[in-house]
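The values are calculated or read from the model by the stated rules, or taken from the named source; none is laboratory data. Just so we're clear, the structure is a prediction, and the values are computed from it rather than from any experiment. Here Cβ is always computed from backbone atoms with ideal geometry, including for glycine, and neighbour counts include all displayed protein chains. These area figures cover heavy atoms from the full protein model, side chains too; ligands, DNA and RNA do not enter into them. Shrake-Rupley method; radii C 1.70, N 1.55, O 1.52, S 1.80 Å.
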Amino acid sequence: MSAIFSDLRRTVSNLETTRIAGRVQSIVGLSLVVVGLERAAGIGQRCRVRGRHGPVTGEVVGSGDDGLRLLPFGTWDGIAVGDPVELIQAGDGICPDDSWIGTVIDPLGRPLSPAPRFRPGSRRARGRNSPLPAYDRRRVGEKLETRIKCVDLFTPICRGQRMGVFAGSGVGKSTLMAMLARNTDADVIVIGLVGERGREVQEFIDEDLGEKGMARSVVVVATGDEAPLLRRQAAWTATAVAEHFRAAGKQVLLMMDSVTRFAMAQREIGLSSGEPPTTRGYPPTVFSELPHLLERAGPGRPGEGDITGIYTVLVDGDDMNEPIADAIRGIVDGHIVLDRRIAEQNRYPAINVQRSISRMLPDCHSPEEYSIMHAARRALARYTDMEELIRVGAYAPGSDPETDAAARFFEAANAFLAQTRSETMPAEQSFGELYRMLLEAGIDVPMTPAADAKTGHPG
């Protein structure tokens, strides 16, 4: 019987598969028009174009009266009108596996770093998957300790939460991401570097992430010089890998740098497929793809793990209200704003406490922790209101006791919130230090006896 099955398997493997072919009708910029496949290929399916320099893989991004529009996973160099085009039946998808941990992969799921244990998994996962239905998800879980003082105190992150990190270029996004990857309690870390500078990829992996962080990470890389389809696919692949580990019951930290470059790649794709430009040149699909991508993170079904998503947003000209930043801020569960002015004062992470917020508050803090945080926020806001007057000497010390206390607290807190890349502090200690600084500045914090016992300071 086994011999019969072996012969049958050999016969099936030797059968020629049916090939559905068309031809290149025209090429305009990135867009290639194909005829002969209109009835067989749908949006998102992949085709192979055979040119004089070898085959080039493309994806169907649009359809019209003149034929199908394809964009390349590379360039159309060597492709000419009349070249044959074959439909690839496999289409979009990767096969994640536990052996991928500790590996750098490309957007198509192929290893870029040495990976002797790397193997495809048994189950195929679509890159462009659908988010879980709202009623199938569990609620956001307990608070995650990041050991980053400013984050744990003022913008806490919970399991399954999606947090945006908004900043201009060169303000410390990558360093903050590396600190979160090193210090946050998670089973698996999935990092999507979308449109990153090629020079900085190895630096981020070796210096920022380090051997300890890489040992529990899967890094998906698409550099800025790659085709827009690959840059968009990198975000989809990183999310699909995170979904695989969440379904296996693991706690996943998904970090994507940056969602803005994902939106820019989608803009190139949309404009090349014939979409009309709208707000600042972004076509409508950009604003429909953003929630589709970000909603895939979050808590899993009962019995599954969680995906805690950290998404960086590269704001254009430090304008926090530009279209992409504004759209993402309405989707995520909180935002951390990195301020160039704070960075210029050499305080890192350059988090602007007043402009940053976690939508998990106040429930994720204990009542005592929330009281301390609330008092600190009020004092910092008071100082910000009077800062210009204090700096130019228009405010006379002693005129207002509340302003004097806020100024004393700001001086101590500003130094305390600075943190090097290798420095860590437990959240409980951070709250204790913040409480001590408030008391020393003369700021009253209404506390319960339980809170006094927790922080170790008399009421």
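See the values below:
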read-out	value
Helix 427-440 axis, angle to the chain major axis (alpha carbon atoms, nearest 10°)	30
Accessible-area ranking of H244, H374, H53, H335, largest first, probe 1.4 Å	H53, H374, H244, H335
Relative contact order of the range 20-87, defined on C-alpha pairs under 8 angstrom at six or more residues apart (%)	41
For G74, distant residues with modelled amide H under 5 Å away	A227
Under-5 Å amide H pairs with I191, H placed in peptide plane, nonlocal only	V218, V219, V220, M255
Straight-distance crosslink candidates among aspartates and glutamates, where the alpha carbon sits under 18 Å from K149 and sequence neighbours closer than 8 are dropped	D185, D339, E368, E369, E411, E423, E428, E433
Gain upon complete extension [D225, S288; 0.36 nm per residue less C-alpha separation]	20.2 nm
Rounded, prolate or oblate (a/c below 1.5 giving rounded, otherwise prolate when a/b exceeds b/c) for the range 106-156 by Cα gyration tensor	oblate
Built amide H within the under 5 Å cut-off of G51, gap 5+	V56
Relative packing of 267-273, 201-207, which averages over residues the other C-beta atoms within 10 Å, highest first	267-273, 201-207
Per residue value of the accessible surface for the range 20-87 (all protein chains in place, 1.4 Å probe), Å²	47
³J(HN,Hα), Karplus 6.51/-1.76/1.60, whole Hz, each residue of the range 382-388, x for Gly, Pro	4, 5, 4, 4, 9, 4, 4
The range 252-263 - phi-based ³J(HN,Hα) in whole Hz, Karplus 6.51/-1.76/1.60, Gly and Pro as x	10, 9, 9, 10, 10, 10, 9, 5, 4, 6, 4, 5
Point-charge dipole on Cβ atoms (K/R +1, D/E -1) for the chain, about Cα centre, debye to 20	1600
MRE, 222 nm, helices only [DSSP H, n ≥ 4, -39500 (n - 2.57), over the chain, to nearest 500]	-11000 deg cm²/dmol
For the range 396-405, 3J(HN,Hα) per residue [Karplus equation, 6.51 cos²θ - 1.76 cosθ + 1.60, θ = phi - 60°, Hz, x = Gly/Pro]	8, x, x, 5, 9, x, 5, 5, 4, 5
